[in-house]
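I have placed the structure first, in the form of structure tokens, so that the comments after it can refer back to it.
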Amino acid sequence: MTRFVPLGLHRCRLIIAAVVGSWLMADVRPALAQSGASPLPPFDFRQAGAVAGWGEPHDVSHIEATRLGMAVHIDGPDPYIFGPAREYPAGTPLLLKIRLKSSEGGSFQVFYFGSGQGSSEEHSVRFAVRRGDWQDQTVPLPPLAPGFRLRLDPPGKRGVCLIESIRFTPRLTIVAPAWPKPTVREPIPGTLTIQSGALVLRQNPHEWGGFSVAVGGRQVATGHNRPLIGYLDPATARSATGPSVRWLDLTAVATVTTGLAPATKALSVEAQLRDPDGGQWRLRQVFRPGSPAAIDVHTECSVDAPRDVVFLPLLLLLPGHGSFGALKGQALFATVEYLDNEPSSSTADLTGPGANRRVPASAKITFPLMAVQAHGHYVGLIWDRALELCALFDSPDRLFGTVRHVLGLLAPGAEGANRIDGELLPLKPLKLVASRPVKASATIIGGEAASVVPAVMQYVALKGLPQRPPTLNLPDYVRLARLSNPFGQPLPPRGRWVLRHPSGRRCRLDDGRAGRALQRPRPGRPAEDRSSRCRAEVPVEQRIHAAVGHNRYPVAPLVLGATQTQSSSSSSTSAAANSVVSRAA
């Protein structure tokens, strides 16, 4: 006789969730172009004949083939060379990888264009180059097409740029899924609560991200209780069409437990799930009361098999969700955004891809603080920096469909070439090693305020100011000032327009009538206007860009003129330039 054993509610839930979750994961796939459709053309300039197709130089005295690569001898303020047409596969987003060594530091620009198009600023990419060191740079390119050409604009106006190779690889392009919208739920039996001063956090039982935050009895934020985790399908990692992405809906597939330790007042939330490829995931989040009006949060995520993660939300905080909505008084993302009741990532002062500041490069964040203030209260997030983490800021939230605000900590990080600056989804995954967790430590803060200034004050009280650099004595200060400003010119008073030289020096736009910029005359030598000398060092075409700060005003071209010509020396290259190619001969 056949016996039927009841599955029980818990096992039924797991089976149904696995089916639903697998359907979601199979339905959402990335648009990674076929890497095997056509070979990607490499440029290895160490090989004989590889330099022959490069030419049409501008402000370049000559191009030299050496055993170390292609040496571009720069002789003018706007150097560039053109490469030959190559057969790039259509529809394939690319990563350009270049290895080079330059005698001058600055900005390197790569243009890409098809037959009859010509080079244009919007079809180019830039990256910073250090002076004198071999370095590898990786930048994303959009899909090119057969017959496309490259134009290379090396940094500096003299010296040598030595390029060893340029290679291309297909770029991982991930299409964002249909993000599930978080819900707002009323407290239910079993809700756990911890408090720090006027800041209260409540956690619904059996719900990852199911917490709410209140200040002085008024709700100001919630967690995100419908998060997704994205990782590359191991079975398709080396397929001809590239890997696909599996999306795990934690609400559908995870078993969540909650608990409160009375002795330590630590509120813990743990989620466990098994992915379709057999990996067992464990997420754990612990909330503890910190200093007054601060709650510390520690999150860990681990899996017992290697996984390439493309989206892992370790902490998502939604200010205004279930409370004040999309309106705000002020918002702050340190150094990146300082807002009134206006949208973040605005094009009002910056257009193009640079306006996207949702997930900026971590180096752009001066101190790790995000905050939103509205209706007399503020709520914010402070975190400990880590290479595998990046910060997410969108006000109002236009990513997850809440139309409120979102502050978050995600993995992978935003360090260099692994992510297009500002983009939510990365170019390269974070490799999770089996049973080695990725961690995030943060602090939720809140209080009553009419601006975000108290959030900054609370950050300073908790974390302190950055360490002050050593104070120089007078001789060392004078020596440093002379090195950074060879014209001996004092820095301009606050409020004067200044021009930034590519090397980092600054000079005034006025003529220094008070004598500040005039060198004292010596016998037999007339007085010299050092401001003019400094201004002459900045190429005409860079005057609109050579400024302090990210806002650009046409002051320099209006004051100095945009049609003046710059004299460039065609004399022998500098010693630094010679050192670049001395071993290449």
> Could you count how many residues in the stretch 204-250 are closer than 25 Å to Ala305 by Cα and in contact with a Leu (Cβ under 9 Å, 6 or more places away or on another chain)?
Replying inline: 19
>> Can you tell me which residue is modelled with the lowest pLDDT among those in the stretch 303-355 that are acidic (Asp, Glu) and under 28 Å from Pro140 (Cα atoms)?
In response: Asp349
> Trp179 is checked against (1) in the same structural domain as Arg86 (by TED's automatic domain parsing); (2) at pLDDT 95 or above and fails just one. What number does that condition carry?
Replying inline: (1)
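Do we have Val297 as more than 27 Å from the chain's Cα centre (by Cα), of a type in the set (A, V, I, L, M, F, W, C) and crowded, with 17+ Cβ neighbours inside 10 Å here? Don't jump to the end; show me each part of the working.
Details: more than 27 Å from the chain's Cα centre (by Cα): no; of a type in the set (A, V, I, L, M, F, W, C): yes; crowded, with 17+ Cβ neighbours inside 10 Å: yes.
Spelling it out, it is not the case that Val297 is more than 27 Å from the chain's Cα centre (by Cα), of a type in the set (A, V, I, L, M, F, W, C) and crowded, with 17+ Cβ neighbours inside 10 Å.
Considering Glu186, Glu164, which residue is surrounded by fewer than 22 Cβ atoms within 10 Å (Cβ to Cβ), assigned to a strand (DSSP E or B) and either among the charged types (D, E, K, R) or not assigned by TED's automatic domain parsing to the domain that holds Gly49 (or both)?
Of Glu186, Glu164, the one residue that is surrounded by fewer than 22 Cβ atoms within 10 Å (Cβ to Cβ), assigned to a strand (DSSP E or B) and either among the charged types (D, E, K, R) or not assigned by TED's automatic domain parsing to the domain that holds Gly49 (or both) is Glu164.
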> Glu87 is checked against (1) under 26 Å from Ser115 (Cα atoms); (2) buried (at least 17 other Cβ atoms within 10 Å of the Cβ); (3) of a type outside the set (Gly, Ala, Ser) and fails just one. What number does that condition carry?
Replying inline: (2)
> In the stretch 440-454, what residues are outside any strand (DSSP E or B) and buried (at least 22 other Cβ atoms within 10 Å of the Cβ)?
Replying inline: Val452
> When the stretch 422-439 is examined, which residues are found to be exposed (fewer than 14 other Cβ atoms within 10 Å of the Cβ) and part of a loop (DSSP other than H, G, I, E, B)?
Replying inline: Val433, Ala434, Ser435, Arg436
>> Here's a check for you: in the stretch 120-142, which residue that is charged (D, E, K, R) and in contact (Cβ under 8 Å) with a residue 24 or more places away in the chain is surrounded by the fewest Cβ atoms within 10 Å (Cβ to Cβ)?
In response: Glu122
>> Between Gly217, Gly210, which is free of Cβ contacts under 8 Å to residues at least 24 places away in the same chain and small (Gly, Ala, Ser)?
In response: Gly217
> How many residues does the stretch 196-208 contain that are within 16 Å of Leu260 (Cβ to Cβ) and not in a loop (DSSP other than H, G, I, E, B)?
Replying inline: 5
>> Cβ contacts < 7 Å: first residue of a type in the set (S, T, N, Q), restricted to the stretch 55-67; second residue in a strand (DSSP E or B) and surrounded by 13 or more Cβ atoms within 10 Å (Cβ to Cβ), any location; separation 6+ or different chain. Result?
In response: Ser61/His73; Ser61/Asp75
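Table: residues versus (1) hydrophobic (A, V, I, L, M, F, W, C); (2) farther than 17 Å from Cys301 by Cα; (3) in contact with a Gly (Cβ under 7 Å, 6 or more places away or on another chain).
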residue	(1), (2), (3)
Pro205	no, yes, yes
Thr222	no, yes, yes
Arg226	no, no, no
Pro234	no, yes, no
Ser244	no, yes, no
Leu248	yes, no, yes
Pro262	no, yes, no
Gly279	no, no, no
> Which of the residues belonging to the stretch 209-219 are assigned to a strand (DSSP E or B) and small (Gly, Ala, Ser)?
Replying inline: Ser212, Ala214
>> Being over 19 Å from Leu407 (Cβ atoms) and either among the aromatic types (Phe, Trp, Tyr) or assigned to a strand (DSSP E or B) (or both) narrows it down to one residue among Thr251, Thr193, Thr222; which is it?
In response: Thr193
>> Considering only residues that are in a loop (DSSP other than H, G, I, E, B) and within 23 Å of the chain's Cα centre (by Cα), which ones fall in the stretch 167-181?
In response: Arg171, Leu172, Thr173, Ile174, Val175, Ala176, Pro177, Trp179
>> Looking at the stretch 399-413 only, could you name the residues that are crowded, with 19+ Cβ neighbours inside 10 Å and at pLDDT below 95?
In response: Phe400, Thr402, Arg404
>> Can you say whether Leu260 is crowded, with 20+ Cβ neighbours inside 10 Å, touching a residue at least 40 places away in the same chain (Cβ under 8 Å) and of a type in the set (A, V, I, L, M), as far as the supplied structure shows?
In response: no
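Restricted to the stretch 252-302, and to residues that are hydroxyl-bearing (Ser, Thr, Tyr) and at pLDDT below 95, which residue is nearest to Gly223 (Cα to Cα)?
If we take residues in the stretch 252-302 being hydroxyl-bearing (Ser, Thr, Tyr) and at pLDDT below 95, then Ser291 is nearest to Gly223 (Cα to Cα).
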> If only one of Gly230, Gly242 is in contact (Cβ under 8 Å) with a residue 40 or more places away in the chain and either outside any strand (DSSP E or B) or more than 27 Å from the chain's Cα centre (by Cα) (or both), which one is it?
Replying inline: Gly242
> Does Pro205 satisfy the criteria of being closer than 30 Å to Gln373 by Cα, modelled with pLDDT under 95 and in contact with a Pro (Cβ under 9 Å, 6 or more places away or on another chain)?
Replying inline: yes
> If you scan the stretch 364-403, which residues turn out to be among the hydrophobic types (A, V, I, L, M, F, W, C), in contact (Cβ under 8 Å) with a residue 40 or more places away in the chain and outside any strand (DSSP E or B)?
Replying inline: Phe367, Ala386, Leu389, Leu399, Phe400, Val403
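The values are calculated or read from the model by the stated rules, or taken from the named source; none is laboratory data. This one's a predicted model, so the numbers in the text were calculated from it and none came from an experiment. For neighbour counting, all protein chains shown are included, and Cβ atoms are generated from backbone atoms with ideal geometry for every residue, glycine included.
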